Amino acid sequence: HPSRSGRCYHPTQAKNHLGLIMVKKAGGYTLVELLVVSAIVAIIFSLGSTLFIKMDTFFRISIAKIETQRDVRNLINLISQDIRQAKASQIYLSRENASQPPYSKITFQNTSGDTIVFWQDGRTLSMRKNGATSTLAKNLHSLFISYPSTDNPLLITILVSVEKKADNQRTFAMQMGG
């Protein structure tokens with residue numbers, strides 16, 4: 001478009017109120033603007049992935065704790081329930097074999113005459129009742145059975161310790177007694 005002076009202006013140019021030529025942006029973004037936005041997006045993604053990893057780890061550990069607590073509680077309840085029905089004169093503490101910790105096996109007869117055995121074999125806790133064997137736990141850390149007082153054969157202490165891997169780096173363990 002020719003002006004009064006006869007000059008043509010580019011369509012993206014205009015005169016301001018002082019009569020000076022101003023160049024308008026034709027649209028789009030400069031390289032600096034794109035780099036700044038890219039940096040901000042990269043920071044947001046890196047923080048988001050770190051947060052996601054931490055939340056995932058937290059949930060894995062929480063689930064491992066809950067499952068371990070449940071397993072230990074169930075084991076103690078099961079063993080205690082059977083031992084409460086034992087005849088005091090028919091309780092024997094020993095170990096399954098020489099590779100197992102002392103006092104990691106208990107054999108007794110209940111009031112019905114059933115022979116019941118609980119024992120540790122490596123990381124496995126097993127039970128045998130009238131010849132039928134069942135595995136109670138495969139993540140056992142230790143089983144310890146003792147008489148806390150030698151003058152009272154009716155009082156028995158049972159400690160069960162169970163471990164569970166929360167992830168590749170962390171293991172959660174819980175010990176409970178009854």
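The values are calculated or read from the model by the stated rules, or taken from the named source; none is laboratory data. Note that the structure is predicted; figures quoted are calculated from it, not measured. With ideal geometry, Cβ positions are generated from the backbone for all residues, glycine too; neighbour counts draw on all protein chains shown. For the accessible areas, the whole protein counts, side chains as well, though only heavy atoms, and no ligand, DNA or RNA atoms are used. Shrake-Rupley method; radii C 1.70, N 1.55, O 1.52, S 1.80 Å.
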Mind listing whichever residues of segment 154-168 are among the β-branched types (Val, Ile, Thr) and without any contact (Cβ under 8 Å) to a residue 60 or more places away in the chain? THR157
Exactly one of TYR103, TYR92 is assigned to a strand (DSSP E or B), without any contact (Cβ under 8 Å) to a residue 60 or more places away in the chain, over 22 Å from THR68 (Cα atoms) and open to solvent by 80 Å² or more (accessible area, probe 1.4 Å), and that one is TYR92
In segment 41-61, the residues that are open to solvent by less than 90 Å² (accessible area, probe 1.4 Å) and β-branched (Val, Ile, Thr): VAL41, THR50, THR57, ILE61
Return the only residue of ALA173, ALA137, ALA166 being closer than 21 Å to ASP71 by Cα, small (Gly, Ala, Ser), modelled with pLDDT of 85 or more and touching a helix residue (DSSP H, G or I) at 6+ places or on another chain (Cβ under 8 Å). ALA137
Show the residue pairs meeting these rules: Cβ distance below 7 Å; 6+ apart or different chains; first residue within segment 51-67 and closer than 19 Å to GLU163 by Cβ; second residue modelled with pLDDT of 90 or more. none
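Among the residues of segment 71-87, write down those that are open to solvent by 40 Å² or more (accessible area, probe 1.4 Å) and either assigned to a helix (DSSP H, G or I) or small (Gly, Ala, Ser) (or both).
Keep residues of segment 71-87 that are open to solvent by 40 Å² or more (accessible area, probe 1.4 Å), which gives 71, 73-74, 77-78, 81, 84-85, 87.
Scanning segment 71-87 gives ASP71, ARG73, ASN74, ASN77, LEU78, GLN81.
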Do any strands (runs of 3 or more DSSP E) lying entirely in segment 135-178 carry at least 1 residues that are over 18 Å from the mean Cα position of the chain (by Cα) and of a type in the set (Phe, Trp, Tyr), and which ones are they? 140-146
Let me spell it out: the conditions are (1) part of a strand (DSSP E or B); (2) surrounded by 16 or more Cβ atoms within 10 Å (Cβ to Cβ), and THR68 meets all of them except one. Which number is the exception? (1)
Would you mind finding the one in SER142, SER149, SER112, SER134 that is over 20 Å from SER94 (Cα atoms), open to solvent by 30 Å² or more (accessible area, probe 1.4 Å) and small (Gly, Ala, Ser)? SER112
